Amino acid sequence: MAQFDIVVAGEINLDLILYGLPEQMAVDRELLGNQFSLTLGSSSAILAYNLGALGAKVGFATKVGADPLGQIALDLAAGPNITLSHPGASAHDRTGVTLLLPHGKTRHILTYLGVMAEMTVKDLDMAFLTSGRHFHLSSLFLMKGLHADLPRLFRELKARGLTLSLDTNDDPDDRWGEPLGELLGLIDVLLPNEDEAKRMTGTDDLDSALEVLARQVPVVAVKCGRRGSIVQARGKRYSAAAVHVEPVDTVGAGDSFNAGFLRAYLRGLPLEECLAAGNAAGALSTQRPGGTEVFRDEALVARLIGEHPNAFGPGPDSRQPAAQPVR
């Protein structure tokens, strides 16, 4: 019997969000923002926290620096239904940090990687990873220390009976190279956004990108922003309309979509319902600054669960993820 519904391995850092700055910023001038937030950052940590808030039993394997920022990040990640696993940090290890400067629909994203680029497969406890029935990896191209051994790790996890999902997030080098190609043939679910899907396939439109990716991955679920989301599986394609809200902050909306989608997927729901759950979770996340702040509000989470009881409500999870399209 698995201890966790899902184990997430990846980075943890803090997001420092500074609002009110111009998109074109002068140098050597002191520019004043009008609001500031410090929140739990990183795709992996946001996903893990929000999955736990939605009722999944989550194991989160990470690496953190031996500094005050690292302890703050761990404290913020200690949410409901989450068990943390992380190796001891040496004195020189530093926690990563991301400075986000929102400008309406666009934003600057400035990141210091810290230990997230240094974590290797040797830092991961295999017994902890295999205590789940599903394994997820985010931010593939930021965690360069994992690259050499990831294909071997994925094969071992599959051999142990786990299903696998991946959200690459952006490639800062815009190369979209290995180990992505090898991993695509091993995973069960891919969760890119529209731009990432096109970039990783070298195509100009989403239809072409989906066709390429679906030859390698059984379930490809693509986040399309205000146009909702699309999933392709076994030659079938389904879409779900976005939940239209006035966003306060879109940081972490994609990771929150992943949380909603995977929560429903691991409960064995049809893929159309998985999309709807992802859209709802992603929309809700935009109602507070940062990627996890809404999911710390018990009343808002309870309302979301009440609106999607099949995806998030009480009751045992299915032992079989939704690997087939709805009929």
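The values are calculated or read from the model by the stated rules, or taken from the named source; none is laboratory data. Keep in mind that what you see is a predicted model, and the values were worked out from it rather than measured. Glycine also receives a Cβ, built like all others from the backbone with ideal geometry; neighbour counts cover every protein chain displayed. Just so you know, the surface numbers come from the protein's heavy atoms only, side chains and all, with ligands and any DNA or RNA stripped out. Shrake-Rupley method; radii C 1.70, N 1.55, O 1.52, S 1.80 Å.
How long are the three semi-axes of the equivalent ellipsoid of the chain, in whole Å, if each is the root of 5 times an eigenvalue of the C-alpha gyration tensor, listed from largest down?
Numbers: eigenvalues 148, 108, 88 Å².
Working through the eigenvalues yields semi-axes of 27, 23, 21 Å.
With contacts taken as Cα pairs under 8 Å and at least 6 residues apart, region 140-267 reaches a relative contact order of 17 percent.
Against the 2.2 N^0.38 Å scaling, with N counting residues, where does region 1-59 land? I'd like the Cα-based Rg ratio to two decimal places. All intermediate terms of the calculation are to be shown ahead of the outcome.
On the way: Rg = 17.5 Å, N = 59, 2.2 N^0.38 = 10.4 Å.
The value comes to 1.68.
Model label sites at Tyr112 and Ser208, defined 7 Å from Cα along the beta-carbon direction, differ in position by 4.1 nm.
Calculated from the alpha-carbon coordinates, region 238-295 shows an Rg and a Dmax of 11.0, 32 Å respectively. Tell me, what % of the accessible area of the chain is carbon and sulfur with a 1.4 angstrom probe? Answer for the chain: carbon and sulfur cover 51 percent of the accessible area.
Excluding same-chain neighbours fewer than eight residues apart, the aspartates and glutamates reachable from Lys158 by a Cα-Cα span under 19 Å are Asp5, Asp125, Asp149, Asp167, Glu182, Asp188.
Average accessible surface for the chain: 43 Å² per residue, computed with a 1.4 Å probe over protein heavy atoms with every protein chain in place. Put simply, the C-alpha atoms of region 176-327 give a gyration tensor, and the ellipsoid matching it has half-axes of 25, 19, 13 Å, longest first.
Pairs exceeding 20 Å between alpha-carbon atoms, taken from Lys198/Lys223; Lys122/Lys144; Lys144/Lys198: Lys144/Lys198. Taking every alpha-carbon pair in region 51-191 and binning the separations at 5 Å intervals from zero gives 2, 8, 16, 20, 21, 17, 11, 3, 1, 0 percent. Each label point was placed 7 Å from the Cα along the Cα-to-Cβ direction; for Leu21 and Leu300 their separation is 2.4 nm.
Adding -39500 (n - 2.57) for every DSSP H run of four residues or longer, then dividing by how many residues the chain holds, sets the calculated 222 nm ellipticity at -8500 deg cm²/dmol. For region 66-178, give me the percentage of DSSP beta bridges that are antiparallel, rounded to the nearest 5 percent. Around 60 percent antiparallel, to the nearest 5.
When only C-alpha pairs under 8 Å and at least 6 residues apart count, what is the relative contact order of region 251-290, in percent? Intermediate results must be reported in sequence, preceding the final value.
Working: 50 pairs, mean separation 22.2, N = 40.
Across region 251-290, relative contact order equals 56 percent.
For the chain, relative contact order (Cα pairs under 8 Å, six or more residues apart, normalised by length) works out to 16 percent.
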